[in-house]
1. Has the stretch 231-242 got any residue that is within 12 Å of the ligand (Cβ to nearest atom), crowded, with 22+ Cβ neighbours inside 10 Å and not β-branched (V, I, T)?
2. Starting from residues that are more than 16 Å from the ligand (Cβ to nearest atom) and among the small types (G, A, S), keep the ones in the stretch 282-313 and report whichever is farthest from the chain's Cα centre (by Cα).
3. State whether one or more residues within the stretch 208-220 are more than 10 Å from the ligand (Cβ to nearest atom), closer than 30 Å to E156 by Cβ, touching a residue at least 24 places away in the same chain (Cβ under 8 Å) and not basic (K, R).
4. It is to be established whether one or more residues within the stretch 228-242 are touching a His at 6+ places or on another chain (Cβ under 6 Å) and either part of a loop (DSSP other than H, G, I, E, B) or over 15 Å from P127 (Cβ atoms) (or both).
5. Report yes if some residue within the stretch 147-169 is under 23 Å from K42 (Cβ atoms), out of contact with any strand residue (DSSP E or B) (no Cβ under 8 Å at 6 or more places or on another chain) and within 9 Å of the ligand (Cβ to nearest atom); otherwise report no.
6. Among the residues of the stretch 148-163, are any more than 19 Å from L228 (Cα to Cα), among the β-branched types (V, I, T) and crowded, with 24+ Cβ neighbours inside 10 Å?
7. Need a quick list: strands (runs of 3 or more DSSP E) entirely within the stretch 150-224 having at least 2 residues that are within 15 Å of the chain's Cα centre (by Cα).
Amino acid sequence: MRILVTGGAGYIGSHVAALLHERGDTVRVVDDLSKGHVEAVKGPGLIRADLRRPQELEAAFSGGPWDAVIHLAASSLVGESMEAPARYYENNVVGGFHLVEAMRRHGVTRLVFSSTAAVYGEPERVPIVEEEPPRPTNPYGATKLAFEEMLHWYGEAYGLRSVSLRYFNVAGADPDRGLGEDHHPETHLIPILLEVALGQRERFQVFGDDYPTADGTCIRDYIHVLDLAEAHLLALDHLARGGASRTYNLGNGAGFSVREVCEAARRVIGRPIPTVVGPRRPGDPPVLVASSERIRAELGWVPRRPSVEEMIESAWHWRLAHPDGFPAKGRGEPGKAPQGA
Ligand code: UFG
């Protein structure tokens, strides 16, 4: 297949693009490189394009036909979205709109979308099933939900078929392929714990220990980035077989508190990780744990790396090999391919 992967130079997208390329698909990564890294694109072509700019998208779609799009490019931080909702509406909704319009112009009718557990807000029942009514508690979740709804109506009217994958907390790395997580600034739990273990930060701050959970800290469902990446290939193949539009949760169905993840990191890394308790981070729901029964039953997805220790260990190995992350970025010209096609 010939696949465009938006956001394919980012943490999750680079793992997805690498697996597709390895199985023999023709892959073009479409990324504005505002957050992504040229060095994370190993094998596929790469074109720099900002989804908010239709002319740049035209260049990204050149050289088709393309069979499908995997859409991961987005702003994706809960905390930041509370302070800068405009950025979230612009990147995730306006950018998403230009993308589906470009697909329509170019006759591309299949899309796999990187959605999020943040659409659920504070769910009534845990583990969360896809039928749970979405009620996001932050602009990040709200903008991802808005795009899911756009996909629904584009499906009804224009025949677009899509799979929305609602990711829970993605963690781990693929050190064998030289891929890992590198954000500036880093806000995610596990990479921050690694930075503290490396002495790059003094201590780890727990965002609130007065939540209604056993130890008072937030509970999340962690999923290995490679298990998540494999789900994208299954979703793509489902659409290629003529499968209908679907929405799937992706998690392990097991919740770990912030304190439990800190303990696991201490065990795996064997170094001290000093912590301090701070205030809650606005927008954080207390508990997010997935039921992923639907994608297991319908697409045969099986998470092969469910242990949090294994996620931390793989992330730690990548980090030891790249203590400062990927090298400084080469940005290239919009619409031009810094490498390949
Ligand atoms: N946390 C801390 N201290 C920190 C960083 C995080 O206590 O310095 C806590 C957070 O409060 C939260 C947990 O660790 O309870 C996990 O936080 P992350 O920032 O790693 O991840 P989030 O749960 O905020 O969000 C992630 C993705 C979202 C996705 C969500 C779904 O970034 O895109 O998982 O569960 F929507």
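The values are calculated or read from the model by the stated rules, or taken from the named source; none is laboratory data. The structure displayed is predicted, hence computed values, not measured ones. With ideal geometry, Cβ positions are generated from the backbone for all residues, glycine too; neighbour counts draw on all protein chains shown.
1. The initial filter retains those residues of the stretch 231-242 that are within 12 Å of the ligand (Cβ to nearest atom), namely none.
Checked against the condition, which is being within 12 Å of the ligand (Cβ to nearest atom), crowded, with 22+ Cβ neighbours inside 10 Å and not β-branched (V, I, T), the stretch 231-242 yields no hits at all.
2. A297
3. Checking the stretch 208-220: not a single residue is more than 10 Å from the ligand (Cβ to nearest atom), closer than 30 Å to E156 by Cβ, touching a residue at least 24 places away in the same chain (Cβ under 8 Å) and not basic (K, R).
4. Of all residues in the stretch 228-242, those touching a His at 6+ places or on another chain (Cβ under 6 Å) come to 229.
From what's left, either part of a loop (DSSP other than H, G, I, E, B) or over 15 Å from P127 (Cβ atoms) (or both): 229.
Looking for residues that are touching a His at 6+ places or on another chain (Cβ under 6 Å) and either part of a loop (DSSP other than H, G, I, E, B) or over 15 Å from P127 (Cβ atoms) (or both), one finds at least one in the stretch 228-242, hence yes.
5. Taking the stretch 147-169 and keeping what is under 23 Å from K42 (Cβ atoms), we get 165, 167.
Adding the requirement that they be out of contact with any strand residue (DSSP E or B) (no Cβ under 8 Å at 6 or more places or on another chain) leaves none.
No: zero hits.
6. Residues of the stretch 148-163 that are more than 19 Å from L228 (Cα to Cα), as a first pass: 149-161.
Now drop any that are not among the β-branched types (V, I, T), which leaves none.
Within the stretch 148-163, not a single residue is more than 19 Å from L228 (Cα to Cα), among the β-branched types (V, I, T) and crowded, with 24+ Cβ neighbours inside 10 Å.
7. Working: elements: 161-167, 169-171, 204-207, 222-224.
Fully inside the stretch 150-224 and qualifying: 161-167, 169-171, 222-224.
Table: residues versus (1) under 26 Å from G325 (Cβ atoms); (2) touching a Phe, Trp or Tyr at 6+ places or on another chain (Cβ under 7 Å); (3) part of a loop (DSSP other than H, G, I, E, B); (4) touching a residue at least 40 places away in the same chain (Cβ under 8 Å).
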| residue | (1), (2), (3), (4) |
| --- | --- |
| I12 | yes, no, no, yes |
| V27 | yes, no, no, no |
| K35 | yes, no, yes, yes |
| A59 | no, no, no, yes |
| W66 | no, no, yes, yes |
| Y88 | yes, yes, no, yes |
| H98 | no, no, no, yes |
| M103 | no, no, no, yes |
